[in-house]
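Note sheet for the following structure.
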Amino acid sequence: MPTILAIESSCDDTSAAILRGDRLLSNVIASQDVHRQYGGVVPELASRAHQQSIIPVVDTAIRKAGIDKKEIDAVAFTRGPGLLGSLLVGVSFAKSFALASGIPLIEVNHLQAHVLSHFIKETDDSDVPQSPFICLLVSGGHTQIILLKSHFEMEILGSTIDDAAGEAIDKAAKIMDLGYPGGPIIDRLAKDGDPLKFHFAEPHIPELNYSFSGIKTSFLYFLRDQLAQNPDFVAENQADLCASIQHTIVSFLLKKLTKAMNKTGIRQVAIAGGVSANSYLRENLVQLGKKHSWKVFLPKKQFCTDNAAMVGIAGYFKYLNGDFADISLPPYTR
């Protein structure tokens, strides 16, 4: 089985992983706290941090895997989409390592990697989905319902026409001045709130597509009106506001997902992407699965956010197909 070094640097996490076949040997992630003070990722600062982290992260991944770098058979890397400066660091390192080692390169699409994270095995008896299955990919930048027919035969059944679900959650947190990143903060505070306390407009979008700009606007205007009457409204209702906006977004996500499941007749469903770590989404999908007799696959929390393990599993499947990349390939942002 091939041993693959995987590199992920699409946004603000520098990550390296080692896989032997589909078995994960190590997965190292270096996060960047510098963006917290700005309330969002600053691209130039992200690329600089990647330059500082990439060598120690890769070195740590190799040592944790207990292998020698001479055992590596290929380098898989995130080619895009993502921030150009961040991608350039990972892509350049992957090319240099492959060229110096005389091994092939494997370019990986970041979104496909998120979906394929369900096939990472940490033990021989790890349960993985069987094709075909439906995957809800939901993150800060993307929201899609995907029909997976095989590892790389994916059909997008529905997609957001504007903002992504994760971006809407982060925006709600920013409006309430909760800090960054907003998603985990809202998830934590919502546990003590009433998800039905406040109601926000849910868009009526045809077919299986999504839209989250209207939900953000509804939330913003609601708070504007309430704060005009009571300047302490957010502080006094923080948990209920978090629970209610989270409920609105998750309910909208799952309504469309249920429609997709019923339309296709498929009985296996998975979620992927950063927002798949959200506890309310995970709990409600499990309940929905029991109601409809679906087999539900939830990714481990460590594979929800950006990580190199998911790049490695995508790289492994491409390696089996002999799908290698030319060293001249540039990264892409969209």
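The values are calculated or read from the model by the stated rules, or taken from the named source; none is laboratory data. No experiment lies behind these values; they were computed from the predicted model shown. Note: ideal-geometry Cβ built from the backbone for every residue, glycine included; neighbour counts use all protein chains shown. Heads up: the accessible areas ignore ligands, DNA and RNA and are worked out on the full protein's heavy atoms, side chains in. Shrake-Rupley method; radii C 1.70, N 1.55, O 1.52, S 1.80 Å.
A compact table of results
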{"item": "24 Å Cα-Cα reach of K290 towards lysines, excluding residues that sit fewer than 8 places from it in its own chain", "result": "K149, K191, K255, K256, K259, K263, K300, K301"}
{"item": "For V28, net neighbour charge (Lys/Arg +1, Asp/Glu -1) across residues whose Cβ lies under 13 Å away", "result": "-2"}
{"item": "DSSP bridge orientation in the chain - percent antiparallel, rounded to nearest 5", "result": "60 percent"}
{"item": "Nearby lysines by direct alpha-carbon distance to K197 (threshold 19 angstrom, same-chain neighbours under 8 apart not counted)", "result": "K216"}
{"item": "Karplus (6.51, -1.76, 1.60) ³J(HN,Hα), θ = phi - 60°, over the range 92-98, in Hz, Gly and Pro reported as x", "result": "5, 5, 4, 4, 5, 5, 5"}
{"item": "Within straight-line cross-link reach of K174, aspartates and glutamates at Cα separation under 19 Å, skipping those fewer than 8 residues along the same chain", "result": "D12, D33, D162, D163, D187, D225, D232, E236, D240"}
{"item": "Mean residue ellipticity (222 nm) of the chain, computed from DSSP H runs ≥ 4 via -39,500 (n - 2.57), nearest 500", "result": "-14000 deg cm²/dmol"}
{"item": "Principal-axis tilt of helix 238-264 within the chain, Cα atoms, nearest 10 degrees", "result": "60 degrees"}
{"item": "GNM flexibility winner over the chain from R79, R36, R20 (Cα, springs under 10 Å)", "result": "R36"}
{"item": "Paramagnetic label zone (point 7 Å from Cα along Cα-to-C-beta, S293; backbone N under 17 Å) in the range 246-276", "result": "261-269"}
{"item": "Probe 1.4 Å, protein heavy atoms only - accessible area per residue of the chain in square angstrom", "result": "44 Å²"}
{"item": "Dipole in debye (nearest 20) - the chain, about Cα centre, beta carbon charges: Lys, Arg +1; Asp, Glu -1", "result": "560 debye"}
{"item": "Signed unit charges on C-beta, dipole axis of the range 219-260, positive-most listed residue N237, L254, F219", "result": "L254"}
{"item": "Surface share of carbon and sulfur [accessible, 1.4 angstrom probe, percent] for the chain", "result": "51 percent"}
{"item": "Prolate/oblate/rounded call for the range 176-234, Cα gyration tensor, a/c under 1.5 rounded", "result": "oblate"}
{"item": "The range 1-79: C-alpha gyration tensor shape, a/c 1.5 cut-off, then a/b vs b/c", "result": "prolate"}
{"item": "Distance between modelled label sites at A201 and E71, nm, 7 Å Cα→Cβ extension", "result": "5.8 nm"}
{"item": "Charge-dipole axis of the chain as Lys and Arg at +1 and Asp and Glu at -1 on Cβ define it, positive-most pick from A173, T143, S131", "result": "S131"}
{"item": "Among Y316, Y221, Y280: highest mean-square fluctuation, GNM of the chain, C-alpha pairs under 10 Å", "result": "Y221"}
{"item": "Which of L45, I72, A61, positive extreme of dipole for the range 36-82 (C-beta unit charges)", "result": "L45"}
{"item": "Anisotropy class of the range 1-153 from Cα gyration tensor, a/c 1.5 cut", "result": "oblate"}
{"item": "Nearest-ten-degree value, helix 308-320 long axis tilted from longest Cα axis of the chain", "result": "50 degrees"}
{"item": "Nearest-ten-degree value, helix 165-175 long axis tilted from longest Cα axis of the chain", "result": "60 degrees"}
